[in-house]
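A.B. asks: Quick one: structure below, then a few questions.
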Amino acid sequence: MKFGIIKERKNPPDRRVVFSPEKISQLQKQYPQFKFVVEPSDIRIFSDADYQNQGIEVSENMQDCDVLLGVKEVPISHLIPNKKYFFFSHTIKKQPYNRDLIKSILEKNIELYDHEVITKENGARLIGFGRYAGLVGAYNGFRLLGQRDQLFDLPKAENLPDLNTMKAELDQIKLPNDLKICLTGLGKVAQGAKEILDHLKIKQVTPENYCEQLFTESVYTQIDVMDYNKRKDGKPGDKKFFFKDPSPYKSDFMRFAKETDYFIAGHFYGDGAPFLFTREDAKKEDFRINLVADVSCDIDGPVASTIRPSTIAVPFYAYNPITEQEVAVGTPNSIAVMAVDNLPCELPKDASEGFGDMFAQHVIPAFANKDKEGILARAKMTENGELTAKYSYLQDFVDGKE
């Protein structure tokens, strides 16, 4: 079986790749029955020469490959019929901007395996870039804090060679003594953000102490859905049932918003769940949050100040809670916002290496053991020109009926 590492062609350019040269070299020794070929790229974080120096073939010819591995969506004009593809298709939520992509995949008889649905049997994701989104998101939030309040000047993460250098830059800054930081979520995104907070040696406190005690040092708390949601009828909440049906719940986030300076949104937001804070909440006199690093980046959703995504080139804006409009960063009584929606692109080397480790651990073995754990079966969205049974719910979307 031959695997092809394809060139990323989506704009803005993405320098990430599924496998580093070192990881392919390891895999070729571990699985001599597999061959890996790399398509030339002038933007990839690893050069063509880096792969060739590891004895890996670099070739324009992807037609001979059985399985093609990419990161972002493949432009329709570059899809090769009758191939197996792995990439983030951004179609499982019926994203309208990718309807033509999924239609073309079906028309070209492509087997699509989406990275987003490479999961365990219980649905837990096995691979992704979440940790790196959290790392860069939290870093960018501190960069915004330093710029806005003229405290320090952190460089852009994308201009740094790797994660260790990024953390070394944080070692040079001095934070205010009374900063209170709230981090939502317990998944990979939130854990990436927590890694930055812990690197800065900011003290972690329980949600209860965060809301009730006074502190003479900077602190943070990490909260989960049952911390910032409560049942409308006053009964005890249940996380398991919340995820099945959040309608009996309402937000209890204001108890944290009253105590927080810097909010890092690292949670997963499910359809129908209560918003964390609304535009009306942000108008309240006791609403204290003045800086948001929205790593989750749901537009006009659970975090009212996130009214649009920002970009790596221009990562910051501010939100005026009274007018509900965007204003310049530093405008009095505004909320400073970082809402970059492709954060892992700022750490392409570390993100690629981390992603490759997970893909090599969980996916490549499935090709060698006849998919005994069902990983490929669960991630396969299309086959023989049709949607697989698990993803048949997309048919009306594909047909343009919704």
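A.B. asks: Could you grab me the full set of residues in the stretch 241-253 that are in contact with a strand residue (DSSP E or B) (Cβ under 7 Å, 6 or more places away or on another chain) and not charged (D, E, K, R)? Give the derivation first.
C.D. replies: First, the residues of the stretch 241-253 that are in contact with a strand residue (DSSP E or B) (Cβ under 7 Å, 6 or more places away or on another chain): 242, 248-253.
Answer for the stretch 241-253, where residues must be in contact with a strand residue (DSSP E or B) (Cβ under 7 Å, 6 or more places away or on another chain) and not charged (D, E, K, R): F242, P248, Y249, S251, F253.
A.B. asks: Could you list all residues from the stretch 52-81 that are under 27 Å from the mean Cα position of the chain (by Cα) and touching a residue at least 40 places away in the same chain (Cβ under 8 Å)? Before you say what the answer is, go through the steps one by one.
C.D. replies: If we filter the stretch 52-81 for residues that are under 27 Å from the mean Cα position of the chain (by Cα), which is where we start, we get 67-79.
Correct list: V67, L68, L69, G70, V71, K72, E73, V74, P75, H78.
A.B. asks: Which of the following residues is of a type in the set (F, W, Y) and in contact with a Gly (Cβ under 8 Å, 6 or more places away or on another chain): F359, F355, F367?
C.D. replies: Working: F359 fails: in contact with a Gly (Cβ under 8 Å, 6 or more places away or on another chain); F367 fails: in contact with a Gly (Cβ under 8 Å, 6 or more places away or on another chain).
Result of the check over F359, F355, F367: F355.
A.B. asks: Of the residues that sit in the stretch 235-263 and are under 21 Å from the mean Cα position of the chain (by Cα) and crowded, with 16+ Cβ neighbours inside 10 Å, which one is nearest to Q222 (Cα to Cα)?
C.D. replies: The first filter runs over the stretch 235-263 and keeps only residues under 21 Å from the mean Cα position of the chain (by Cα), leaving 243, 262-263.
Filter once more, so that each one left must be crowded, with 16+ Cβ neighbours inside 10 Å: 262-263.
Details: Y262: 12, F263: 10 Å.
The extreme case among them is F263.
A.B. asks: Another question, if that's okay. Restricting the stretch 264-293 to residues that are aromatic (F, W, Y) and modelled with pLDDT under 95, which is surrounded by the most Cβ atoms within 10 Å (Cβ to Cβ)? Before the answer, list the steps.
C.D. replies: So the first thing to find is which residues in the stretch 264-293 are aromatic (F, W, Y), and the list is 268-269, 275, 277, 287.
Next, only the ones that are modelled with pLDDT under 95 stay: 268-269.
Numbers: F268: 16, Y269: 19.
Looking at the filtered set, the residue picked out is Y269.
A.B. asks: Under the condition of being within 16 Å of the chain's Cα centre (by Cα) and of a type in the set (K, R), which residue from the stretch 101-145 is surrounded by the most Cβ atoms within 10 Å (Cβ to Cβ)?
C.D. replies: Here the residue is R131.
A.B. asks: So is A336 touching a helix residue (DSSP H, G or I) at 6+ places or on another chain (Cβ under 8 Å), over 15 Å from G192 (Cα atoms) and not in a helix (DSSP H, G or I) or not? Please lay out each step first, then the result.
C.D. replies: Numbers: touching a helix residue (DSSP H, G or I) at 6+ places or on another chain (Cβ under 8 Å): yes; over 15 Å from G192 (Cα atoms): yes; not in a helix (DSSP H, G or I): yes.
So A336 fits the description; yes.
A.B. asks: Go through the stretch 91-117 and give me each residue that's assigned to a loop (DSSP other than H, G, I, E, B), over 23 Å from G374 (Cβ atoms) and charged (D, E, K, R).
C.D. replies: Once the filter is applied, which keeps residues that are assigned to a loop (DSSP other than H, G, I, E, B), over 23 Å from G374 (Cβ atoms) and charged (D, E, K, R), the stretch 91-117 yields K94, K108.
The values are calculated or read from the model by the stated rules, or taken from the named source; none is laboratory data. Being a predicted model, the structure only gives us computed values, none of them experimental. Because the Cβ atoms are built from the backbone with ideal geometry, glycine has one as well, and the counts that use them run over all protein chains shown.
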